[in-house]
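Notes follow the structure.
Bear in mind that the values in this text are calculations on the coordinates, not laboratory data. In this text, all values refer to a predicted model and were calculated from it rather than measured experimentally. Cβ placement follows ideal geometry from the backbone for every residue including glycine, while neighbour counts extend to all protein chains displayed.
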Amino acid sequence: ADAGVRSLLSVPLFVGDGPPRGALTVVSATFAAFSSSDARPLAAFASQAGIAIGNAELHSRLHSQQRLLEAVMRDINDGLVVVDGAGQVVLANPLGEQLLKETVAGQTVRERLVELAAGVQAESSNSSAVAELKLDTPGEDEDDERYYQAFASAVHHDVSSDPLVAIVLHDISSQKAEERARVEFISMVSHELRNPLHSLNGFVKVVLQGRAGALTALQQDFLQMADGQIEQLKGRIAELLEFNRLKAGRLSLNPQWSDLSLLITGTLNRLTLQAEERGLTLVNQVAEQLPECWCDSARIGQVLTNLVENAIKATPPGGTITVSAEAHDDEIWLRVRDTGVGIPAAELGKIFNRFYRVAKHTNGPDQHLGLGLAICQQIVEGHGGRMWVESEEGVGTCFTVALPQSSRERTVGS
């Protein structure tokens with residue numbers, strides 16, 4: 001009354017759902033200036049005001065989120081590129097834009113990423129892909145090499161249109177440099193160990209042959225044990241050097257037409273004595289009229305030897321190891337099946353990892369480095385083949401090597 005207000009009409013002010021934000025109020029100095037009919041237009045005005053306030057707040061939030069997204073896109077250390085179904089780049093952050101102009105083996109990064117995106121779009125809706133890109137550099141210094149790993153994933157922004165593909169480009173140059181340093185260090189150490197070990201091995205064998213004088217029975221036993229340990233150490237060093245060469249991309253293959261039947265028979269004949277000493281039976285089940293295979297027979301023999309030796313270690317006395325080979329569609333499948341202890345299901349996906357050893361998978365001391373299967377897989381994949389394992393604890397394990405068949409008119413390039 002002191003302010004001259006004698007009439008007042010107030011309606012709640014709602015902004016979206018939820019409780020009222022406040023009230024919209026009109027006042028008058030006249031007594032009984034408002035009636036109930038005046039409330040309707042005021043309520044309508046309050047509704048429109050609430051919508052306007054809501055839109056303003058939404059616009060403010062969207063603007064804030066846009067600035068946040070722009071800051072993230074600008075400042076992250078990874079490149080980001082988004083490709084649509086037509087192979088057009090629809091979005092890229094500054095680093096992504098810069099990388100699109102680079103080249104990989106004479107091809108632009110843009111072209112490589114469009115190919116990667118097309119592969120993702122051709123697969124299932126939730127597919128993804130990973131590729132490694134080595135950018136072209138003007139010099140030949142390995143320290144200047146730049147590597148990026150591209151992670152591509154489908155993005156569903158609109159159910160009525162083809163999915164976009166978002167590609168994150170992560171700089172792995174430092175990891176590659178560290179990997180090269182590790183490879184060089186392992187190679188250096190292995191060679192430094194191998195040379196004196198050869199000398200030691202030679203002297204022990206000379207003494208064992210009695211060329212340095214007669215030996216007592218006890219001396220003979222001790223020296224034979226030492227010789228066995230030296231041979232094991234030589235094998236581990238050779239395994240480490242072989243893996244190092246493969247890891248550095250120095251896999252050398254000399255493919256030629258090979259008779260896998262003869263290769264398998266020769267391998268089993270060589271390993272029969274080792275199996276019999278453990279009370280095991282080796283079975284050869286190679287199919288008749290097995291087609292010739294275009295492969296490096298020495299390398300495939302290395303793979304087969306490793307698989308059979310592993311089976312011998314994993315199979316208790318009285319067990320059987322069966323090696324089979326047969327044509328399967330456009331591949332030749334080599335299988336090594338044992339009746340050994342088996343591999344736990346939780347470890348099946350890890351056994352091809354380097355330095356991984358399955359716990360309690362052998363009957364004797366576990367002295368290998370966990371590199372054999374990783375080496376085998378790289379050799380098989382170097383032939384364009386595949387390798388996998390099936391196993392059941394207490395029943396046995398089966399390793400399969402699938403090599404591509406090639407006609408004499410269409411052989412694998414060197």
When all C-alpha to C-alpha distances in the stretch 177-247 are sorted into bins of 10 Å, what percent of pairs does each bin hold, rounded to whole numbers?
19, 38, 23, 14, 6, 0
Along its principal axes, what span do the Cα atoms of the stretch 256-404 show, with the longest given first and each in whole Å?
39, 30, 24
Positive-pole candidate from 89, 196, 118, dipole of the chain, charges at beta carbon
196
Consider just the alpha-carbon atoms of the chain and return their Rg together with their Dmax, both in angstrom.
35.9, 133
Residue span residue 305 to residue 283: 0.36 nm per residue of separation minus Cα-Cα distance leaves a gain in nm of 6.5 nm
Span from the the stretch 281-356 Cα centroid across to the the stretch 82-119 one, whole angstrom:
42
Extension length gain for residue 195 and residue 59 (0.36 nm per residue less Cα distance), in nm, is 41.6 nm
For the chain, what is the number of Lys pairs with C-alpha distance below 30 angstrom, counting only pairs 8 or more positions apart or on separate chains?
21
Testing the spin-label approximation: label points 7 Å from Cα along Cα→Cβ at residue 68 and residue 129. State their distance in nm.
3.3
Quick one: compute a quarter of the convex hull surface over the Cα atoms of the stretch 296-340 and quote it in nm².
3.5
Treating only Lys and Arg (+1) and Asp and Glu (-1) as charged, each at its beta carbon, one finds that the chain has a dipole about its Cα centre, in Debye to the nearest 20, of 740
Can you compute the modelled spin-label distance between residue 390 and residue 7, with each label point 7 Å from Cα toward Cβ, in nm?
9.1
Using a basic spin-label model with each label point 7 Å from the Cα along Cα→Cβ, how many nm lie between residue 39 and residue 347?
7.9
For the stretch 276-364, the Cα gyration tensor yields equivalent-ellipsoid semi-axes (√(5λ), largest first, whole Å) of 25, 17, 12
Assuming 0.36 nm per residue, please report the length gained on full extension of the stretch residue 136 to residue 155 beyond their Cα-Cα distance.
3.9 nm
Mind telling me which of 264, 375, 51 comes out most flexible in a GNM of the chain, alpha-carbon contacts under 10 Å?
51
Please name which of 285, 325, 352 has its Cα lying farthest along the dipole of the stretch 256-404 towards the positive end, using unit charges on Cβ (Lys, Arg +1; Asp, Glu -1) and the Cα centre as origin.
352
Rounded to two decimals, what is Rg over Rh for the stretch 77-171 when you use alpha-carbon atoms and the Kirkwood radius?
1.00
